[in-house]
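One structure is given here, and the rest of the page talks about it.
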Amino acid sequence: MDLITVTTTPFDDQRPGTAGLRRRVEVFRQPHYLENFVQATLDACFSKGCTLVIGGDGRYFNDRAIQSIIRLGAAHGVARMIIGRHGWLSTPAAANLIAERNADGGLILTASHNPGGPDGDFGIKINVHGGGQASAALADQIWAHTKTLQAYRQLGAEEVDLDRLAEHDYHGMQIEVVDPLDDYCTLLEGLFDLDRLRELIGSGFRMRFDAMHAITGPYAKRLLEDTLGAPAGSVVNATPKEDFGGGHADPNPVDAAALVDFMYGDQAVDFAAASDGDGDRNMILGPGLVVSPGDSLALLAAHATCAPGYRDGLRGIARSMPTARAADRVAEALNVPCYETPTGWRFFASLLQNERISLCGEESFGTGSSHVREKDGLWAVLFWLNIIAVTGRSVDQLVHEHWARFGRDFFARHDYHIAERDRATDVMSSLEQRLGTLPGQRAGELTVADALRFDYTDPVSGEVAANQGLIVHFTDGARAVFRLSGTGTGGATLRLYADRHVTDPADVDRDRHAMLAQTMAAAAALAEIPRITGLAEPSAVI
């Protein structure tokens, strides 16, 4: 065994974002780039003798990155690595494995919903003891280490066979290659009523799950087809591919348009869903209906006791600030607290870890609960199926009954992809400077009621996360939210969200984009998006 010290110089772009470090594959493939970041992470987060869980979503460069992490970890003094076979672990499966094995943390190799392949994106998420994401303070410590790193240490040793279940003594570091499905599938099976689910599916209930050639394919086939008895082929695009089959593995109406078209067509099945690159997001559909992220969270909360794992009720609910406020109304009806957090799952993880909440969700089709410290796409699918099985209601009936009781929160997102990041930050800084002047101002057909910057104080730790987005409320009750995305790898994405609550039964079935058109137009005008960015229209409407 050769212990090699490699002299290096810092990179200036290795500050972790809301879910680790994401960059283009070509950036990570630069000499020393991956190794610098992993060494800084090990130095900042994990001491000698620790146990780490390693795995990822199977995207391009995962296999090479894992072999490098093994060599770096052994040189650092890691005592044990638990690695998914083929290098695979969905994000919720990795979080569960960290908790189940009492590991000190893990590195999850994913760029989530970002495109894969040689010309796509790559990323490393850092999860800590318990399975949750690294805090902002810990991310800052990693960043500080990246800026001063002068060398990294690795073993000049052979590669490890990750394609078979085995235990290896890797020059003193123990490596266990595990089935990536077993622990996670066992966890989910314990949360839901499998007999009711088998009965539902055996009754002729038809479903389709689109794994989008990402990591959830094997998990979904195990759970939906093998365990519950859904007919073979109910899970489509089930084989994980390094480039996600050339598609964009993001479960939303734009990137999963083929599934949406199918569910709006003559051959639609009773229930459909999709998940993303690393398995932590979900989109739920019924015939002719896409369930919005806010409605999905709210409906799960309203029917939580249908599932055995939640039969005792909920401690609380949390939603990210841009998410439509449907869950707030359910929390009020259940007499439980509802927390509004910044975007970023680590804020939920703090509340989950300290038993403040049982369910949580965010605007970009992420939903989760106290079963793991990450969002979980397949968990949401099984939860929906459990509710359908117990209530005997269809997706459409469940949603319309929910709207009849609580009203409908229309929700939409406009993304502006801007090549020059400075222009995106100019939009935000200019609007922030004018917040105090906006109340009473007319914007198109609407009038501003109030405007504010969203700052968040964690109710557990007291940690303050400032400047997490800008909010404009209009006198008609509608709301617009502005924030810069933290998940992109080039330029910037300015996200504009709008939501509006209605209770008139004559309005609930109207087109959501038509219902929010005035709000979107007023918000874009207030922020002077066309003038500052040069974009007259959004790049994507979701």
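Taking the condition of being surrounded by fewer than 24 Cβ atoms within 10 Å (Cβ to Cβ) and either assigned to a loop (DSSP other than H, G, I, E, B) or among the aliphatic types (A, V, I, L, M) (or both), how many residues in the range 90-102 meet it? Walk me through it before giving the result.
Narrowing the range 90-102 to residues surrounded by fewer than 24 Cβ atoms within 10 Å (Cβ to Cβ): 99-102.
Next, from what is left, pick out any that are either assigned to a loop (DSSP other than H, G, I, E, B) or among the aliphatic types (A, V, I, L, M) (or both): 99, 101-102.
Total satisfying the criteria: 3.
I need every pair where a residue in the range 345-373 that is under 17 Å from A326 (Cβ atoms) has its Cβ under 6 Å from the Cβ of a residue that is of a type in the set (F, W, Y) and surrounded by 24 or more Cβ atoms within 10 Å (Cβ to Cβ), sequence separation at least 6 or different chains.
From the range 345-373, the pairs are C360/F348.
Please go through the range 435-485 and give me each residue that is in contact (Cβ under 8 Å) with a residue 40 or more places away in the chain, under 15 Å from L526 (Cα atoms) and open to solvent by 60 Å² or more (accessible area, probe 1.4 Å), ordered by number.
Within the range 435-485, Q441, G444, E445 qualify.
Which of the following residues is open to solvent by 30 Å² or more (accessible area, probe 1.4 Å), part of a loop (DSSP other than H, G, I, E, B) and of a type in the set (S, T, N, Q): T5, T9?
T9 is the lone residue from the list that is open to solvent by 30 Å² or more (accessible area, probe 1.4 Å), part of a loop (DSSP other than H, G, I, E, B) and of a type in the set (S, T, N, Q).
Would you check which residues across the range 20-62 are under 21 Å from I98 (Cβ atoms) and acidic (D, E) and list them?
D43, D57, listed by residue number.
Yes or no: E355 open to solvent by 10 Å² or more (accessible area, probe 1.4 Å), out of contact with any helix residue (DSSP H, G or I) (no Cβ under 9 Å at 6 or more places or on another chain) and either more than 24 Å from G132 (Cα to Cα) or among the charged types (D, E, K, R) (or both)?
yes
Looking only at the range 178-208, filter to residues that are part of a helix (DSSP H, G or I), in contact with a Ser or Thr (Cβ under 9 Å, 6 or more places away or on another chain) and open to solvent by 30 Å² or more (accessible area, probe 1.4 Å); which one of those is nearest to P231 (Cα to Cα)?
Only one residue tops the list, namely R198.
For (1) open to solvent by 30 Å² or more (accessible area, probe 1.4 Å); (2) in contact (Cβ under 8 Å) with a residue 24 or more places away in the chain; (3) at positive phi, each residue gets a yes or a no:
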| site | (1), (2), (3) |
| --- | --- |
| Y264 | yes, yes, no |
| Q267 | yes, no, no |
| D280 | no, yes, no |
| Y310 | no, yes, no |
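Just to be sure I understand, how many residues within the range 494-532 are crowded, with 22+ Cβ neighbours inside 10 Å and among the polar types (S, T, N, Q)?
Summing the residues that are crowded, with 22+ Cβ neighbours inside 10 Å and among the polar types (S, T, N, Q) in the range 494-532 gives 1.
All but one of (1) within 27 Å of the chain's Cα centre (by Cα); (2) modelled with pLDDT of 95 or more; (3) outside any helix (DSSP H, G or I) hold for H113; state the number of the condition that does not hold.
Of everything listed in (1) within 27 Å of the chain's Cα centre (by Cα); (2) modelled with pLDDT of 95 or more; (3) outside any helix (DSSP H, G or I), H113 misses just condition (2).
Is it true that I70 is in contact with an Asp or Glu (Cβ under 9 Å, 6 or more places away or on another chain), β-branched (V, I, T) and assigned to a helix (DSSP H, G or I)?
Yes.
Would you pick out the residues in the range 19-48 that are part of a loop (DSSP other than H, G, I, E, B) and either out of contact with any strand residue (DSSP E or B) (no Cβ under 9 Å at 6 or more places or on another chain) or more than 16 Å from A74 (Cα to Cα) (or both)?
A19, R29, Q30, P31, H32, S47, K48
The rows are residues; the columns are (1) under 18 Å from L89 (Cβ atoms); (2) open to solvent by 10 Å² or more (accessible area, probe 1.4 Å); (3) not small (G, A, S).
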position	(1), (2), (3)
D104	yes, yes, yes
A111	yes, no, no
G116	yes, yes, no
N127	yes, no, yes
A137	no, yes, no
W143	no, yes, yes
G156	no, yes, no
V160	yes, yes, yes
E176	yes, yes, yes
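Within the group G84, G58, G73, which residue is buried (at least 24 other Cβ atoms within 10 Å of the Cβ), touching a His at 6+ places or on another chain (Cβ under 8 Å) and in contact (Cβ under 8 Å) with a residue 60 or more places away in the chain?
From the options G84, G58, G73, the qualifying one is G58.
Could you tell me whether Y170 is among the aromatic types (F, W, Y) and within 20 Å of the chain's Cα centre (by Cα)?
Judged against the criteria, Y170 is not a match.
For the range 209-222, which residues satisfy the criterion of being surrounded by 22 or more Cβ atoms within 10 Å (Cβ to Cβ) and more than 16 Å from T91 (Cβ to Cβ)?
F209, D210, H213
How do the strands (runs of 3 or more DSSP E) wholly within the range 370-483 filter down when requiring 2 or more residues that are within 16 Å of P342 (Cα to Cα): which remain? Let's see the steps before the verdict.
Working: elements: 408-418, 446-453, 470-474.
Per the criteria, 446-453, 470-474.
For residues that are in contact (Cβ under 8 Å) with a residue 40 or more places away in the chain and of a type in the set (S, T, Y), scanning just the range 151-209, find the one that is farthest from G279 (Cα to Cα).
The selected residue is Y152.
Working only within the range 521-533, note down all residues that are in contact with an Asp or Glu (Cβ under 9 Å, 6 or more places away or on another chain), over 15 Å from A451 (Cβ atoms) and not β-branched (V, I, T).
Scanning the range 521-533 gives A521, P530.
Hey, could you check the range 404-423 for residues that are aliphatic (A, V, I, L, M) and surrounded by fewer than 15 Cβ atoms within 10 Å (Cβ to Cβ) and say which is nearest to D509 (Cα to Cα)?
A404
Where residues in the range 328-375 are of a type in the set (D, E) and in contact with a Ser or Thr (Cβ under 7 Å, 6 or more places away or on another chain), which of them is farthest from R311 (Cα to Cα)?
E363
Which condition number does A349 fail, the rest of (1) crowded, with 19+ Cβ neighbours inside 10 Å; (2) touching a Cys at 6+ places or on another chain (Cβ under 8 Å) being met?
Here A349 clears every test but (2).
The values are calculated or read from the model by the stated rules, or taken from the named source; none is laboratory data. If you're wondering where the values come from, they're calculated on a predicted model, not measured in any experiment. Methodologically, a virtual Cβ is constructed for each residue, glycine included, from the backbone with ideal geometry; neighbour enumeration extends over all protein chains shown. Only protein heavy atoms, including side chains, enter the accessible area calculation; ligands, DNA and RNA are left aside. Shrake-Rupley method; radii C 1.70, N 1.55, O 1.52, S 1.80 Å.
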